[in-house]
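Written out below as C-alpha cells is the structure these notes cover.
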C-alpha cells in the first residue's frame, strides 16, 4: 500500500496494491497494522456506513462536533465521486483549507480524514456506492455542516449544473464564517 499525506496535516491518500487476473481482482482494503505503521495514526474504527447515489448528488459538507467528532476512512465501492475534505481544526495552520480528489472503483484509492474535518462528495456516475469507516459513533445532536457552495471556501465541485441534487438539510447549512466550531 502506498500512503501519501496531503497538504492537510493528518489527511492521507492510500493506494492499495491490486492483484488482477482473468477472474477479476483482489486487494486488501484495510489492515490496521499496516495503516498505523504507514500513517503513524492509531485508530479504532467502530462504525461502517454506505450510501448509493445517482450522478449529480452532492452530500456535504458534513461533520460531527466536539466529543463526537469522527475520523473516517473513505472509499468508493462502485462508480466515481469527487471527494472533498476540509480542515476545520481552529489550531491548524490549514484551517479552512480543503483537499479534493476523484475516488473511483477502478483505482480503489481511499482517503483517511482525521477528526476535525468537514467532508462532502459529489457523485460523478450513476449507481455509485460510497463507503466509509468511522472511529466514533454517529450522534444526531452533534451533526453539523457547512454550505457546499460557500464563496469563502472556493471549492471547485467541477459540476454545478441544474442537475445537481442536494437534500433540503444540506441547502440550509450555514456559511463557514457563521459556523461556531
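Here, each number is a calculation from the coordinates, and none is a lab measurement. Keep in mind that what you see is a predicted model, and the values were worked out from it rather than measured. No Cβ is skipped: glycine too gets one built from the backbone with ideal geometry, and neighbour counts run over all protein chains shown.
Listed peptides 97-107, 164-174, 82-92 appear in the order 82-92, 97-107, 164-174 once ranked by packing, highest mean of other Cβ atoms within 10 Å at the front.
As a rough guide to protection, the peptides 116-129, 66-79 ranked by mean Cβ packing within 10 Å, highest first, stand as 116-129, 66-79.
From the helices alone, meaning DSSP H stretches of at least four residues, give me the mean residue ellipticity at 222 nm for the chain, per-run term -39500 (n - 2.57), in deg cm²/dmol to the nearest 500. Intermediate results must be reported in sequence, preceding the final value.
On the way: 2 runs with 12 residues, N = 181.
Result for the chain, helices only: -1500 deg cm²/dmol.
If you count, for each residue, the other Cβ atoms within 10 Å and average over each peptide, how do 28-40, 6-18 line up from highest to lowest? Don't jump to the answer; show the numbers that get you there.
Details: 28-40: 13.2, 6-18: 16.7.
My ranking of the peptides, most packed first, is 6-18, 28-40.
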